[in-house]
Amino acid sequence: MVNESSNDYYAHSENTFGVPHALRDHLQAVGNLARGFAGKSCPALSDVAYWAGLLHDLGKYRDEFQQYLRAERDSSTETHHAVYGAALAYRQDWLGPAFVIAGHHAGLHDVHELQTLVEGATYRTDERIPLLLKRFERELMEIPKHIAEPLFAAKNEHSAEFYIRMLFSTLVDADFLDTEAHYKNTSRPSLELQATELLQRLIAEKESKSSEGELNAIRNRIFQQCIDKAKESPGFFSLTVPTGGGKTLAGMAFALAHATQPQNQLRRIIVVIPYLSIIEQNAAQYRRVLDPEKRGIVIEHHSAVNVPEDKGETRPRAPFEKHPEEYAAENWDAPVIVTTSVQFIESLFANRTSRCRKLHNIAHSVVIFDEVQTLPSHLLNPLLNVFRELRDHYGVSFVFSTATQPAFRHRPLSLTDGFKPGEIQEITQDTGKIFSGLRRVSIHIPKPNEDTSWDALAGQISQRDQGLCIVNIRRHAFELWEKLRRAVPQNEREAVFHLSSAMCAEHRLDMLGADHDPKHGTIRHRLRNNQPCRLVSTQLIEAGVDVDFPIVWRALGPLDSIVQAAGRCNRENRLRDASGNPALGEVIVFRPEDNTLPPGVYRTATDITASLLAQVEADALATDHKLFERYFDRLYQLVPNDNNIQNERGKLHFRKVAELGLVIQNDTQPVIVPYGKGCNLIEEIRTRPVIKGHPRFGRDDLRKLQRFMVNLHQRDFQRLLTLKAITPLLPNLEIHVLAEGWYHPNLGIVIDKRPTEDFFV
């Protein structure tokens, strides 16, 4: 039995300085931190967040847990502690605290799971809580009979669901940070957004660029319109600008200027980018302009990958608090965050602590959605609903940035949670004139039933010194690359390139070459030096990749993909005719003889595109931005846009929502490939000595290896296993490595002399 005197109760074991963590101190600190986070996010959550923090470890007042910390007993079910604070909150009718306390380690439960947990006989809460409460109140304070949960949470079931998520985030982050501070004996520094200073830096960067020419004049006008519009109150904004209009810096200018308005109380900028292929280049650009001193103003956060347990390790299973660095996820405590749409979107529907931890730091932010047309259609209704919650109750502004603005308008038969007329404000003026002024290409569309063979296409491309062809699936990319290699002179075969996700990210970047100083022989180096350069790629080249070809061929696909492809043509408006006047680049849309398409939304979108193209002039794709409203209206009426998430959210089924809320639902599995520096990393990990108490493989290793991973469908993964072409990185570790000889220097992973046959890039 533990003595009934103060400071005899501990939350965590001794840190490296030999100091245990007093339970009273931990509860008070977590309560204060959670209240502070809530106050910055939504003041109506402050009281309830404070009490959730105070009660989250109530179960650690149990003798069994204290004996466990003192190594007087082994870990068992008797040391579980979250249930007791949750049960107390549940009996007080504090539903929000009950959910978040019960889930602060295991993740948010479904409502029936919560009821079973707090009412079940396993933990005998009825007889145990009075003693725990007595110890708590003696060390801290009496619990109130009532705490104020926010009134807006009672407005509707979805507001209630999201309130619980936000409360969960404040508690989890507070718990992580205080635990981390105990073990490291220091607190993590925090940077505030200095919006005025950063805006001045951005303006200086803009002023350092040439202002001559019509193109720069239009870009400067867009930039200034963004700053002027930023005086508005937080809400929904659209930035509809064609490729080449300077959306990257203009959108940031709006966000920073928006944050300088004192009444808006905006704390950070979050830039959401759809593809890993461009996140690094955008983050690097922001760092160069906004943070040349490398103070940590701009951080990147890619999608997290779980580290599987290495069952071959001798390290005993340690409690959470002994290895917080292995479990702590980025909590987005920085002025500017650049992240992926997968990371952002799944955080809104997740139930895991690591994913939800950052959620409260989205409050009072400006969220810029780059290439917003890529938002997953099967999640549109719940996403738009959550966006409105964030705007209405958590002070968030959204900027939807794209050249092909989707029609997120309310439709009874499709987007039931879509935006009402006037709910989205357009930032730029005279959008039609901007599109006409920034036109740099002429688009050719195929005649009905006009098919093109790979041989014919290879012949066309071979006649041009520089050209890009974008196809819909990996197999097509390989076939065309092979035929194009045979069609060009032998001395130019090294200038025929291939890009697809059969190649790892590092390989693709090496092929492209750096933005500012590309190596000799790379795609960008050849383009800038007017050397032969012919590239066959899947869709991964389309979104934001800075390449500039005089002509682009694009296989018939979704309308927005065609326009994105056009953005890789005459990007910098450098083409000139025989008289030296500006000339248009060529974008040729063709229908492949083998018209195999990815299934689902992609195929539906392609069919809609084919129908629309039969009704309009080709030039409309380059000049008529309203064409995309018609396209997306049709698309959202034909594809699922809810996936039953709204129904499950209303029932407080957090685990089910997390399953349904995945952006990518596929059967892929990553494989590490022996490419470049990846070979050295693989060898170093495999030859690393086994040291008792130290894992041979951790999160840092995984982050380094991500650049050398390729995702395979299960059928291809199993095939390579059968062929003994892949082996575990370490014994009993569920991460595999491709054997030497199976990775092609031009094509990536090759199975039966062709890249993996799957559709998505």
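What follows is calculated from the coordinates using simple rules that are stated; it is not laboratory data. All values reported here derive from a predicted model rather than from experimental measurement. Note that each Cβ is placed from the backbone with ideal geometry, even for glycine, and that neighbours are counted across all protein chains shown.
Quick check on region 486-604: take the gyration tensor over C-alpha atoms, sort the square-rooted eigenvalues as a ≥ b ≥ c, and tell me if it's rounded (a/c under 1.5), prolate or oblate.
Judged from the Cα gyration tensor, region 486-604 comes out oblate (a/c at least 1.5, b/c at or above a/b).
Report, by chain and number, residues whose modeled amide H sits under 5 Å from the one on Ala618, excluding near sequence neighbours (fewer than 5 apart, same chain).
none
Which whole-number percentage describes the relative contact order of the chain, with Cα contacts under 8 Å and a sequence gap of 6 or more? Walk me through the numbers on the way to the answer.
Numbers: 1357 pairs, mean separation 104.4, N = 761.
Computed over the chain, the figure is 14 percent.
Rounded to whole Hz and in sequence order, give me ³J(HN,Hα) for region 554-566 from the Karplus expression 6.51 cos²θ - 1.76 cosθ + 1.60, θ = phi - 60°, writing x for Gly and Pro.
Result, ordered by residue: 9, 4, 3, x, x, 4, 5, 5, 4, 5, 4, 4, 4 Hz.
Any chance you could check the Cα centroid distance between region 391-445 and region 548-603 for me, in angstrom?
22 Å
Tell me the relative contact order for region 668-755 as a rounded percent, counting alpha carbon contacts under 8 Å between residues six or more apart. The partial results should precede the final answer.
On the way: 91 pairs, mean separation 33.1, N = 88.
Across region 668-755, relative contact order equals 38 percent.
Shape call for region 469-508 from the C-alpha gyration tensor, a ≥ b ≥ c root eigenvalues: rounded (a/c under 1.5), prolate (a/b greater than b/c) or oblate?
Numbers: a/c = 2.96, a/b = 1.46, b/c = 2.03.
The shape class here is oblate.
What fraction of the Cα pairs in region 10-184, stated in percent, has a spacing above 27 angstrom? Walk me through the numbers before you get to the answer.
Details: 3272 of 15225 pairs.
Here the long-distance tail beyond 27 Å is 21 percent of all Cα pairs in region 10-184.
So how do 378-390, 165-177, 227-239 stack up, highest first, on mean other-Cβ count within 10 Å? Intermediate values should be presented prior to the final figure.
Working: 378-390: 22.1, 165-177: 27.7, 227-239: 18.4.
Ranking, from highest mean packing down: 165-177, 378-390, 227-239.
What's the extension gain from Asn185 to Asn220 if we count 0.36 nm per residue and subtract their Cα-Cα distance?
Working: separation 35, 0.36 × 35 = 12.60 nm, distance 4.93 nm.
Computed gain between Asn185 and Asn220 is 7.7 nm.
Residues with amide H under 5 Å of Ile368's amide H, sequence separation 5 or more or different chain, H placed in the peptide plane at 1.01 Å from N; which?
Ile270, Val271, Val272, Val399
So what's Rg/Rh here for region 150-204, counting alpha carbon atoms and using the Kirkwood radius for Rh?
Numbers: Rg = 18.0 Å, Rh = 14.6 Å.
Rg/Rh: 1.23.
Given the rule -39500 (n - 2.57) for each run of at least 4 DSSP H residues, summed and divided by the residues of the chain, what is its mean residue ellipticity at 222 nm, to the nearest 500 deg cm²/dmol? Numbers along the way, then the final one.
On the way: 30 runs with 317 residues, N = 761.
Estimated from H runs of four or more residues: -12500 deg cm²/dmol.
So what are the ³J(HN,Hα) numbers for region 126-137, from phi and the Karplus equation (6.51, -1.76, 1.60; θ = phi - 60°), rounded to whole Hz, Gly and Pro as x?
With coefficients 6.51, -1.76 and 1.60, one gets 4, 8, 8, 4, x, 5, 4, 5, 4, 5, 4, 5 Hz.
Calculate, axis by axis, the spread of Cα positions in region 567-626 along the three principal axes, and write the results as whole Å, longest axis first.
Its Cα atoms span 46, 26, 18 Å along the three principal axes.
Give the relative contact order (percent, whole number) for region 446-617; include only Cα pairs under 8 Å separated by 6+ residues.
Working: 274 pairs, mean separation 46.2, N = 172.
Reported as a whole number, the value is 27 percent.
For a protection proxy built on the mean count of beta-carbon atoms within 10 angstrom, sort 648-656, 391-399 highest first, please. Walk me through the numbers before you get to the answer.
Working: 648-656: 19.7, 391-399: 21.3.
The most tightly packed comes first, giving 391-399, 648-656.
How large is ³J(HN,Hα) for each residue in region 379-388, as worked out from phi by the Karplus curve 6.51 cos²θ - 1.76 cosθ + 1.60 (θ = phi - 60°), to whole Hz, x for Gly and Pro?
Whole-Hz 3J(HN,Hα) from phi for region 379-388: 10, 4, 4, x, 5, 5, 5, 5, 4, 5.
Give me the lysines in straight-line cross-link reach of Lys651: C-alpha distance below 25 Å, same-chain residues under 8 apart excluded.
Correct list for Lys651: Lys155, Lys358.
Enumerate the amide H contacts of Arg409 below 5 Å, restricted to partners 5 or more residues apart or on another chain; note that Pro and chain-start residues carry no placed amide H.
Phe419
Count the lysine pairs in region 668-755 whose Cα atoms sit under 24 Å apart, keeping only pairs 8 or more residues apart in sequence or on different chains. Numbers along the way, then the final one.
Details: Lys677/Lys704; Lys677/Lys724; Lys692/Lys704; Lys724/Lys753.
For region 668-755, the number of qualifying lysine pairs is 4.
Positive end of the charge dipole of the chain (Lys, Arg +1 and Asp, Glu -1 on Cβ, about the Cα centre): tell me which of Asn385, His444, Phe628 has its Cα farthest that way.
In the chain, that residue is His444.
What dipole magnitude, in Debye to the nearest 20, does the chain give about its Cα centre under +1 on Lys/Arg Cβ and -1 on Asp/Glu Cβ? Before the final figure, lay out the partial values.
Details: 90 positive and 97 negative charges, 227 e Å.
Charge dipole, the chain, about its Cα centre: 1100 debye, nearest 20.
Please compute, over every Cα-Cα pair in the chain, the percentage with a separation greater than 52 angstrom. Write down the numbers at each step before the final one.
Values: 47430 of 289180 pairs.
Result: 16 percent of Cα pairs exceed 52 Å.
Take every Cα-Cα pair in region 668-755 and report what % of them are more than 19 Å apart.
Details: 1409 of 3828 pairs.
Roughly 37 percent, rounded to a whole number.
For Lys626, list the lysines whose Cα falls under 29 Å from its own Cα; do not include residues on the same chain fewer than 8 positions away.
Lys229, Lys231, Lys247, Lys420, Lys433, Lys447
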